[in-house]
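This report refers to the structure that appears directly beneath it.
The values are calculated or read from the model by the stated rules, or taken from the named source; none is laboratory data. The structure presented is a predicted model; accordingly, all values stated were derived computationally and were not measured. Here the Cβ positions follow ideal geometry from the backbone for every residue, glycine too, while neighbour counts run over all protein chains shown.
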Amino acid sequence: MEHYDIEDSFKRLAVPWLEVEWLIRSRRGRGGLDANSRQLVIDIHLRNPSPVTARFPYLTLTQVQGARGPPEGLFSQHRYYGGEYHFSFGADHVIHPGLTLPVAQLLTPEIPVEPREGGQCRVHRGSLQPVTVAYRCGCYNTRLTAGEFTISDELLVERGIEGGFIC
């Protein structure tokens, strides 16, 4: 290697990058939900697939469709301004390589269901809508990552309502 190549390799800085992941679960036992309705929770996490620890992570939800109410912040400071939800973490929260950090929760509107025999639930097509979320995320000393995910109505039922099926 030439001297300038060696010098350049020593000056390079490894930086982390973050990805957004989501998980669907059923909300139970709150708000007067009965056997004829369900509400789903979409947990949003930041994952660090890089080999470097991510410090001062943040997430901005720039657009949320199909979920109602403001998202609930879990361990972060949550602010709403400029039509966006901002979640930021301080020095006491880092995301180590290969780990995830729960950031926010979104709630779907109540979904009417028809209980069936054998623990199954029938969900009428059109009684729920897909959830679409546009976001930006990053951390200290990294580039901004922007993206969007859409969770279809079929996937909401499949992953969130035990024994649920759409007709």
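Laid out as a table, the results:
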| read-out | value |
| --- | --- |
| Counted residues, the range 97-113 - those being over 18 Å from the mean Cα position of the chain (by Cα) and either in a loop (DSSP other than H, G, I, E, B) or modelled with pLDDT of 90 or more (or both) | 3 |
| Residues of the range 139-167 that turn out to be closer than 30 Å to VAL15 by Cβ and among the charged types (D, E, K, R), as a count | 2 |
| Tally, over the range 82-96, of residues that are surrounded by 15 or more Cβ atoms within 10 Å (Cβ to Cβ) and either free of Cβ contacts under 8 Å to residues at least 24 places away in the same chain or not in a loop (DSSP other than H, G, I, E, B) (or both) | 7 |
